[in-house]
Amino acid sequence: VQLQASGGGLVQAGGSLRVSCAASGNTASIINIGWFRQAPGKTRELVASIAYDMEGTTTYADSAKGRFTISRDNDKFTVYLQMNNLKSEDTAVYYCSARTRNIRHWGQGTQVTVSS
């Protein structure tokens, strides 16, 4: 599985941004796709994830609830993370990751910078 993240950038506090993660390769093996982020000096943390099943169950970190929405486009094998009301503490490199039965695959990161 290969993952291509895009859509990061610079935004003012209170603004919105959408990042995308396009999956290719053995997409039928994907169990779920998640967005993680890593700020300087901090450990990588899960922001949101979505299951690749009929229900598409979503999970969110407490910091993302009410502001971020994860969704998927099955036809394009793409997962989106819509981020609203961004705060300076959301500044980080955002990574998408796909979990399959035996391994977690990572895409390259995309930088999100929120200016206050």
Taking the dipole of the chain about the Cα centre (Lys, Arg +1; Asp, Glu -1; charges at Cβ), the one of Ala28, Gly56, Thr91 that reaches farthest to the positive side is Thr91
Distance in nm between Glu89 and Ser29 label points, each 7 Å along Cα→Cβ, equals 3.8 nm
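About the Cα centre of the chain, how large is the charge dipole given +1 on each Lys and Arg Cβ and -1 on each Asp and Glu Cβ? Please answer in debye to the nearest 20. Mind showing how you got there, number by number?
On the way: 12 positive and 8 negative charges, 40 e Å.
Charge dipole of the chain: 200 debye, to the nearest 20.
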Inter-part gap, Cα centre of segment 1-31 to Cα centre of segment 37-84, in whole angstrom, is 9 Å
Rounded to the nearest 10 Å², the accessible area of Lys65 using a 1.4 Å probe with every protein chain kept is 120 Å²
Looking only at aspartates and glutamates whose Cα falls under 20 Å of Lys76's and that sit 8 or more positions away or on another chain, we get Asp53, Glu55
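Over the chain, what is the mean sequence separation of C-alpha contacts under 8 Å (at least six apart), divided by residue count, expressed as relative contact order in percent? Write down the numbers at each step before the final one.
Values: 287 pairs, mean separation 42.6, N = 116.
Once divided by the residue count of the chain, the mean separation gives 37 percent.
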For segment 58-116, the dipole about the Cα centre with charges only on Cβ (Lys and Arg +1, Asp and Glu -1), to the nearest 20 debye, works out at 220 debye
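Sorted by accessible area with a 1.4 angstrom probe, largest first, how do Asp73, Asp90 fall? Each step should come with its number before you reach the end.
Working: Asp73 45, Asp90 0 Å².
The ranking, largest first, comes out as Asp73, Asp90.
The values are calculated or read from the model by the stated rules, or taken from the named source; none is laboratory data. Here the structure is a predicted model, which means the values were calculated and not measured. Here the Cβ is made from the backbone with ideal geometry for all residues, glycine too, and neighbour counts use every protein chain on show. Please note that ligands, DNA and RNA were not included when accessible areas were found on the heavy atoms of the full protein model with its side chains. Shrake-Rupley method; radii C 1.70, N 1.55, O 1.52, S 1.80 Å.
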